[in-house]
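K.L.:
One structure coming up, written as structure tokens, with questions to follow.
The values are calculated or read from the model by the stated rules, or taken from the named source; none is laboratory data. Computed from a predicted model, the values in this text were never measured in an experiment. For neighbour counting, all protein chains shown are included, and Cβ atoms are generated from backbone atoms with ideal geometry for every residue, glycine included. Remember, those area values only see protein heavy atoms, side chains included, never the ligands or the DNA or RNA. Shrake-Rupley method; radii C 1.70, N 1.55, O 1.52, S 1.80 Å.
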Amino acid sequence: MELQILTLHLLDSMPYTNAVVHESQRLGNIAPFNLPRLTTRDTTLAGFHLPEGTILISSLTAVLSDRNDWETPDVFSPEHFLQDGQFRKKEAFLPFTAGKRVCSGEQLARAELFLLFAALFQRFTFQAPKDMKFNLQVKMGLTTSPHSAGKILPHFSELLSFRVDDALSTVHTSPNVSASSIPVSH
Ligand code: HEM
């Protein structure tokens with residue numbers, strides 16, 4: 001079967017894939033506390049007095065899991081972004097937040113997420129390894145990462161010790177290099 005070359009122009013004609021990527025970001029919620037803010041002067045916000053110098057930590061989880069906006073907030077459901085088979089935008093979809101300090105990589109990230117995942121879904125079928133159950137537990141940090149990642153992916157610390165120039169020389173000198181030659185922790 002000949003595979004269609006993916007471009008961003010196809011986004012509108014692939015509502016389900018688009019919805020899956022959005023729902024992954026909603027439930028993935030990788031920056032649950034946004035970035036902290038500091039009031040630069042005395043401020044009143046939603047009736048609360050905030051003196052100058054107050055640190056504010058907002059909750060994107062509250063927005064991405066609000067029962068008023070998402071029918072089944074705790075369930076992975078691309079239907080959150082679909083209506084009559086068409087993609088529907090949701091104002092409460094704010095993983096990049098909004099306003100003056102909105103993520104400046106938003107457009108790049110959105111484009112890459114669509115192109116990468118659409119290409120992967122086009123070529124592969126994904127399933128959990130035998131006897132492995134995935135869950136939605138996360139390791140908490142400024143950003144979150146999957147709790148079970150260590151079982152299937154190298155730990156971040158191992159990635160750090162995997163020198164980039166070693167990796168590049170391997171790729172250049174060995175045309176048969178494959179994913180299995182990259183160290184993986186079990
Ligand atoms: C899925 C991917 C990403 C997510 C969910 C994400 C999310 C966020 C969030 C929540 C913020 C805080 C915004 C705020 O303070 O209101 C932020 C800030 C920022 N992001 Fe991203 N981001 C992503 C990818 C990227 C990429 C790919 C880049 C750069 C190429 C990038 C660059 C930045 C920068 C520079 C800021 C600071 C903006 C500022 O303070 O003015 N992000 N991002």
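K.L.:
Just to verify a number: FRET efficiency for F48 and L142, C-beta to C-beta distance, R0 = 22 Å, to 0.05?
P.N.:
0.35
K.L.:
Within the set of other residues whose C-beta is less than 13 Å from the C-beta of E91, count the net charge using Lys and Arg as +1 and Asp and Glu as -1.
P.N.:
Residues near E91 contribute +2 overall.
K.L.:
At what distance in nm do the modelled label points of F121 and Q83 sit from each other, each positioned 7 Å from its Cα along Cα→Cβ?
P.N.:
2.0 nm
K.L.:
Step through the table entries K90/K139; K90/K130; K100/K139, compare each Cα-Cα distance with 31 Å, and write down the pairs that go over it. Each step should come with its number before you reach the end.
P.N.:
Values: K90/K139 27 Å; K90/K130 36 Å; K100/K139 29 Å.
Checking Cα-Cα distances, K90/K130 exceed 31 Å.
K.L.:
Give a quick list of trypsin sites (Lys or Arg not before Pro) in region 53-146 that DSSP marks as loop, anything other than H, G, I, E or B, with at most 14 other Cβ atoms within 10 Å.
P.N.:
The qualifying sites are R67, R88, K89, K90, K100, R101, K130, K133.
K.L.:
Identify the GluC sites (Glu not before Pro) of region 69-143 meeting these criteria: DSSP loop state and at most 13 other C-beta atoms within 10 Å of the C-beta. Before the final figure, lay out the partial values.
P.N.:
Details: sites: E71, E79, E91, E106, E112; in loops: E71, E91.
Qualifying residues, ordered by number: E71, E91.
K.L.:
Mind listing which chymotrypsin sites (Phe, Trp or Tyr not before Pro) in region 44-125 are in a DSSP loop and have 11 or fewer other Cβ atoms within 10 Å?
P.N.:
Answer by residue number: F124.
K.L.:
Sticking with this structure for a sec: For a quick check of understanding: with a 1.4 angstrom probe and all protein chains in place, what accessible area in square angstrom does S145 have, to the nearest ten?
P.N.:
50 Å²
K.L.:
Additional query: Quote the relative contact order of region 8-126 in percent (integer), defining contacts as alpha-carbon pairs under 8 Å separated by 6+ residues.
P.N.:
On the way: 131 pairs, mean separation 37.1, N = 119.
Rounded, it is 31 percent for region 8-126.
K.L.:
Could you give the dipole magnitude of region 8-126 about its Cα centre, charging the beta-carbon of Lys and Arg +1 and that of Asp and Glu -1, in debye to the nearest 20?
P.N.:
It comes to approximately 320 debye.
K.L.:
Further question: Round to the nearest 0.05 the FRET efficiency obtained for R67 and L94 when R0 = 25 Å and r is the Cβ-Cβ distance.
P.N.:
Result of the calculation: an efficiency of 0.95.
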